[in-house]
Amino acid sequence: MAASNYESGNHFTITWRIENANFCWQKEGEHISSPEFVVDTLENTKWSLWLYPKGCRDGSHVGLFLHREDSCSVVKDIEIDYELSFMAADGCSVLTTMKASKHTVAKGQMMGFPNIETWENIFRLKSRVFA
């Protein structure tokens with residue numbers, strides 16, 4: 001059975017700043033990951049963000065995922081709602097965002113968006129609009 005904190009209103013925000021992200025050297029299918037973070041309101045589960053700057057399967061799109069670490073809480077499955085966004089350098093303006101509701105996550109599983117936006121839009125066109 002999946003655990004759920006939706007009704008209790010537990011919400012949190014993680015901000016991961018990446019300097020010079022448009023110069024990432026990763027190739028298609030390669031990711032960079034954020035430092036791990038623990039969410040105590042979700043049974044002390046450990047998480048990280050995974051960014052595929054050149055995409056998972058499509059080199060023209062950026063992939064962004066939330067990854068539940070394997071070495072965390074005893075809870076096997078947990079149900080969450082989540083939103084992943086790219087912010088402009090000012091930290092206030094949203095470049096693009098995607099949401100998912102009532103997603104059940106097992107240990108070691110990642111969920112997110114393999115084609116959240118094109119690389120060109122995030123790192124070239126939209127970033128200029130908000131600079």
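The values are calculated or read from the model by the stated rules, or taken from the named source; none is laboratory data. All values derive from a computational prediction rather than experimental measurement. Counting neighbours? That spans all protein chains shown, and the Cβs are built from the backbone with ideal geometry, glycine included.
Here are a few things to note about the model shown:
- A single entry from N5, N20, N10 fulfils the requirement of being at pLDDT below 85 and in contact with a strand residue (DSSP E or B) (Cβ under 8 Å, 6 or more places away or on another chain): N5.
- Residue satisfying all of: in region 74-96; under 18 Å from C56 (Cα atoms) and touching a Ser or Thr at 6+ places or on another chain (Cβ under 6 Å); modelled with the lowest pLDDT among these: F86
- Single unsatisfied condition, G91 versus (1) touching a residue at least 24 places away in the same chain (Cβ under 8 Å); (2) part of a strand (DSSP E or B); (3) more than 21 Å from E28 (Cα to Cα): (2)
- Counted residues, region 46-74 - those being farther than 13 Å from M110 by Cβ and either within 11 Å of the chain's Cα centre (by Cα) or buried (at least 17 other Cβ atoms within 10 Å of the Cβ) (or both): 7
- Against the numbered list (1) assigned to a strand (DSSP E or B); (2) at negative phi, E19 comes up short only at (1).
- Single condition E120 does not satisfy, out of (1) modelled with pLDDT of 85 or more; (2) among the acidic types (D, E); (3) over 18 Å from W16 (Cβ atoms): (1)
- Any hit, region 45-59, residues being within 15 Å of F123 (Cα to Cα) and of a type in the set (D, E): no
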